[in-house]
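Here the structure is laid out as structure tokens; the discussion comes afterwards.
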Amino acid sequence: MSGEQSIKCYRCEVRESIVNLNGRKLCPICARNEINNAIRKNFLKSGLVDYESRFIILELNGLEGLSKIIEETLTKIAKKTTIYYQTFSLELSSQSVDSYIHDAIIRSLEICSKEKPNGVVMPFPAEIFMYLLISSAVSRDAGYLSLYTHYTKIGSCNFCFPLHNISLLNMEIVYGVESKFPVASFTHFLIWVKESLEGNQEILHSFHKSIELFATQRKCTRCGAFSESDICKRCRDVNRQ
Ligand SMILES: [Zn+2]
Ligand SMILES: [Zn+2]
């Protein structure tokens, strides 16, 4: 028997499935609806969507396609309630995933203090957090697992993370976007995920339980990372430079 047999979509039972979402094989149209719905729910859970809310969507180097997906969802929400959004492009550090995230936060805070939006929308997908979790065994730095959430406030700025529990690899398949993340170790990690978890992505929906183990009582007041002190080591090091 061939393993290449096509399987009909779990939802519509008509079209052929192309992707495995939460253990169900779905066609492109049903999968897109499902992901759009999940993003919309994440937005609503952030508590930031209100009449005439203004959002800034960050378009980050290597993840540009994901900002387009966020725009697609916000456009739909905007049809039902009046909200506004604009996109800001940032070219971030490619030294490491942590420095990329740090850079994204610090530069968003600058934008936020000028533009004063209701929320800044970060396009970090689930695999970034999975990478941070796994690499923390070596780096001993799990600070930015604090951002695996719908919403967090850093300084006076509200951040939402509508893709934090949505798979980048699935979005690539469903929306036809291609990510070119600038940190090589993360790109290698993605290849490993693709090859070893194909068809069995349950880990993408369960690893978040481990994140709770890293939560600290305090967070860095500057960048929002889990930290034992008010200013995390990364912010102290950056200040010294
Ligand atoms: Zn379908
Ligand atoms: Zn910090």
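Computed from the coordinates by the stated procedures, all read-outs in this text should not be read as laboratory data. Quick caveat, the model's predicted, so the values are computed rather than measured. Cβ: placed from backbone, ideal geometry, glycine included. Neighbour counts: every protein chain shown.
Structure notes:
- A simple spin-label model places pseudo-atoms 7 Å from Cα toward Cβ; at Gln217 and Asn37 they are separated by 4.2 nm.
- Taking packing as the residue-averaged number of other Cβ atoms within 10 angstrom, the listed peptides 161-174, 106-119, 204-217 run from highest to lowest as 161-174, 106-119, 204-217.
- Distance from the Cα centroid of region 88-125 to that of region 1-61 is 25 Å (rounded to whole angstrom).
- Protection-proxy order for peptides 141-151, 21-31, 40-50, each taking the mean of Cβ atoms within 10 Å per residue, highest first: 141-151, 21-31, 40-50
- Of all lysines in the structure, those lying under 26 Å Cα to Cα from Lys76, and not within fewer than 8 positions of it along the same chain, are Lys25, Lys41, Lys45, Lys68, Lys116, Lys153.
- Helix-only arithmetic for the chain: the sum of -39500 (n - 2.57) across DSSP H runs with n ≥ 4, divided by the residue total, places the mean residue ellipticity at 222 nm at -13500 deg cm²/dmol.
- Net charge contributed by nearby residues that have their C-beta within less than 14 Å of Leu133 (K/R +1, D/E -1): -2
- Base-10 log of normalised Debye intensity for region 1-98 (one unit scatterer per alpha-carbon) at q = 0.18, 0.20, 0.21, 0.24 Å⁻¹: -0.94, -1.01, -1.05, -1.16
- Computed label-point distance, nm, for sites Gln95 and Arg15 using a 7 Å Cα→Cβ extension: 4.4
- DSSP beta bridge pairing in the chain, given as percent antiparallel to the nearest 5: 40
- Efficiency of FRET from Cβ geometry, Asp50 and Ile231, R₀ 25 Å, rounded to 0.05: 0.20
- Rounded to the nearest whole angstrom, the semi-axes of the ellipsoid equivalent to the chain, taken from the Cα gyration tensor as √(5λ), stand at 30, 23, 15, largest first.
- Sites Arg24 and Ile134, calculated FRET efficiency, Cβ-Cβ separation with R0 45 Å, nearest 0.05: 0.95
- Computed from point charges on the beta carbon alone (+1 for Lys and Arg, -1 for Asp and Glu), the dipole magnitude for the chain about its Cα centre is near 680 Debye.
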